[in-house]
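Undergrad: Submitted below is the structure of interest, expressed as structure tokens.
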Amino acid sequence: MVVVVTVQFSCDQQSWSHVFEVATDATVAQLKELMVNPKGNREDVDSFELRRLGRRVPDFEKISQDCSLDFEYLGPREGEEKARQDRQDASRWESLQRPQQEPPARSSSARHTQSQGYASAAVPTRKAEEAFFQAKPAPRPPGATAKGPGTMPKCWEVVGGADKGGILVREGQSTSSKQMPDRLSTGAVVEELDLKGERLNYKRLTGTGPETGWVSL
């Protein structure tokens with residue numbers, strides 16, 4: 001089983017999104033490794049973080065359902081420090097998941113008191129954990145299929161051009177090549193066929209516009 005993660009990017013007052021597929025219960029660290037493959041290294045993985053509602057999602061968190069996350073570049077130094085902190089937090093998080101053993105009771109009244117004490121202490125901790133680690137659902141694009149890591153298509157969602165009815169599409173990679181008569185609609189999901197710098201050759205999966213062509217990121 002796989003889950004779909006939509007990562008939102010913003011740069012120079014422009015925004016776009018990229019769709020990734022990962023195995024159910026894959027960690028955020030594994031998703032980040034997929035994002036920088038095939039030429040990325042550990043420094044590249046640590047140099048950015050993924051956020052939910054403006055807060056960092058730790059590298060050890062597991063992804064159990066479709067969700068949307070925001071990309072934030074940190075740089076090598078800050079990224080390495082936060083990654084190290086995640087590794088320390090991961091060991092503490094694992095200890096929280098281990099079953100709590102109630103100490104031996106000396107009497108029935110003592111056992112009742114201790115049991116109540118354990119229950120009241122566990123409730124706020126569990127609520128805080130669930131609030132922080134609950135994934136934000138996102139709809140699965142119709143074009144996203146359950147494929148293995150080696151054959152996984154890269155998909156993009158068009159987020160620009162809303163005021164113009166979509167974005168420009170050209171027949172070739174060059175920005176001076178012939179312009180298509182129709183625009184690729186905002187909200188369309190496309191499959192990446194080729195990527196040359198900031199020029200994307202796509203195949204349309206959803207939305208309206210040319211079935212294939214070249215657009216600018």
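The values are calculated or read from the model by the stated rules, or taken from the named source; none is laboratory data. Source: prediction; values computed, not measured. Using ideal geometry, Cβ is built from the backbone for each residue, glycine included, and neighbour counts are taken over all protein chains shown. Quick note on the areas: whole protein, heavy atoms, side chains included, nothing else; ligands and nucleic acids left out. Shrake-Rupley method; radii C 1.70, N 1.55, O 1.52, S 1.80 Å.
Undergrad: Residues in the range 36-47: is at least one modelled with pLDDT of 90 or more, surrounded by 12 or more Cβ atoms within 10 Å (Cβ to Cβ) and closer than 28 Å to Ile167 by Cβ?
TA: Looking for residues that are modelled with pLDDT of 90 or more, surrounded by 12 or more Cβ atoms within 10 Å (Cβ to Cβ) and closer than 28 Å to Ile167 by Cβ, one finds none in the range 36-47, hence no.
Undergrad: Anything in the range 138-188 that is open to solvent by less than 20 Å² (accessible area, probe 1.4 Å), among the β-branched types (Val, Ile, Thr) and at pLDDT below 90? List them, or say none.
TA: Val158
Undergrad: Considering every residue within the range 57-67, establish whether at least one is in a loop (DSSP other than H, G, I, E, B), farther than 22 Å from Glu198 by Cα and among the hydrophobic types (A, V, I, L, M, F, W, C).
TA: Yes, some residue in the range 57-67 is in a loop (DSSP other than H, G, I, E, B), farther than 22 Å from Glu198 by Cα and among the hydrophobic types (A, V, I, L, M, F, W, C).
Undergrad: Of everything in the range 190-212, what is closer than 13 Å to Ile167 by Cα and not in a strand (DSSP E or B)? Give them in sequence order.
TA: Gly207, Thr208, Gly209, Pro210
Undergrad: If you go through the range 18-35, how many residues are among the acidic types (Asp, Glu) and surrounded by 20 or more Cβ atoms within 10 Å (Cβ to Cβ)?
TA: Of the residues in the range 18-35, 1 are among the acidic types (Asp, Glu) and surrounded by 20 or more Cβ atoms within 10 Å (Cβ to Cβ).
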